[in-house]
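**Student:** Here it is, the structure, as structure tokens.
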Amino acid sequence: MPSLSPLSPLSQLTHDLRTPLNAILGLSEALLEDLCGELNDRQRKAIQTIECAGNSLLEQIDHLQNLPFTAWPEPSPIMPLLESSMPPFEPNLHRPTILIADDNAVNSGMLMDYFSEEGFNVLTANDGAIAIEMIHQHQPDLVLMDVMMPTVDGLTAIGRIRANPQAPQPPIIALTALAMSGDSDRCLQAGATAYFSKPIKLKPLLNLVQSLLLPNRVP
């Protein structure tokens, strides 16, 4: 199957189908991690059923679109190392600022709540053009950039930031729900520091964020 541009009609359709499912799965994970309060056994089983059904539907979308299922990737070899060796952030020493660029309010809100609880300052933008302005104005320590956004898409925004030597150059993690072969290469070629697939698993994303910010932490 030929490679598809992130802005092609099929890519947009896939993105539109996945976006609400990714939000459901992300919020399910947050609930299962007791981020909104402790669950009883009955509630936990119900949410696990929702999570299982959501993943099954994502697989069906991939099958219908003749795309490989990569929306819930197996952890890369670096993740177990990060999980076992990454020291926690000490908020009293340094509160890194993260810019979340995502046009979906549910996804953006979930990430904002999670990273705020983890001791980060959080900024948000709902399209690539605003994200570029906020990077210049606020100089965040790291950016989470959704690939599919209105006005200026995420890859274009990343490219403009990297092409401007006068602009701040924070690490940028590209977030995508397209799940197509070559996505990671396109993101990295555009200038992203790293690539992360939706639906987002919060703990692995936190580990990746910490690994990219660790060299800049206050000793």
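The values are calculated or read from the model by the stated rules, or taken from the named source; none is laboratory data. Since the structure is predicted, the reported quantities are computational estimates derived from the model, not experimental observations. FYI the Cβ positions are ideal-geometry reconstructions off the backbone, even for glycines, and counts take in every protein chain you see.
**Student:** What single numbered condition from (1) in contact with a strand residue (DSSP E or B) (Cβ under 7 Å, 6 or more places away or on another chain); (2) part of a helix (DSSP H, G or I); (3) of a type outside the set (Lys, Arg) fails to hold for ILE130?
**Tutor:** (1)
**Student:** With the stretch 8-95 as the region, which helices (runs of 4 or more DSSP H) entirely inside it contain at least 3 residues that are modelled with pLDDT of 50 or more?
**Tutor:** 9-32, 41-64
**Student:** Which of the residues that make up the stretch 103-140 are in contact with a Lys or Arg (Cβ under 9 Å, 6 or more places away or on another chain) and crowded, with 19+ Cβ neighbours inside 10 Å?
**Tutor:** If the condition is that a residue be in contact with a Lys or Arg (Cβ under 9 Å, 6 or more places away or on another chain) and crowded, with 19+ Cβ neighbours inside 10 Å, then ASN107, PHE120, GLY128, ILE132 are the ones that fit.
**Student:** Quick check on my filter: what residues within the stretch 51-60 are surrounded by fewer than 15 Cβ atoms within 10 Å (Cβ to Cβ), under 15 Å from LEU27 (Cα atoms) and within 21 Å of the chain's Cα centre (by Cα)?
**Tutor:** Within the stretch 51-60, just CYS52 meets the criteria.
**Student:** Among all residue pairs at least 6 apart or on different chains, which show Cβ distances below 7 Å where the first residue, located in the stretch 184-200, is assigned by TED's automatic domain parsing to the domain that holds ARG162 and more than 18 Å from ASN22 (Cα to Cα) and the second is assigned to a strand (DSSP E or B) and aromatic (Phe, Trp, Tyr)?
**Tutor:** SER184/TYR195; CYS187/TYR195; LEU188/TYR195
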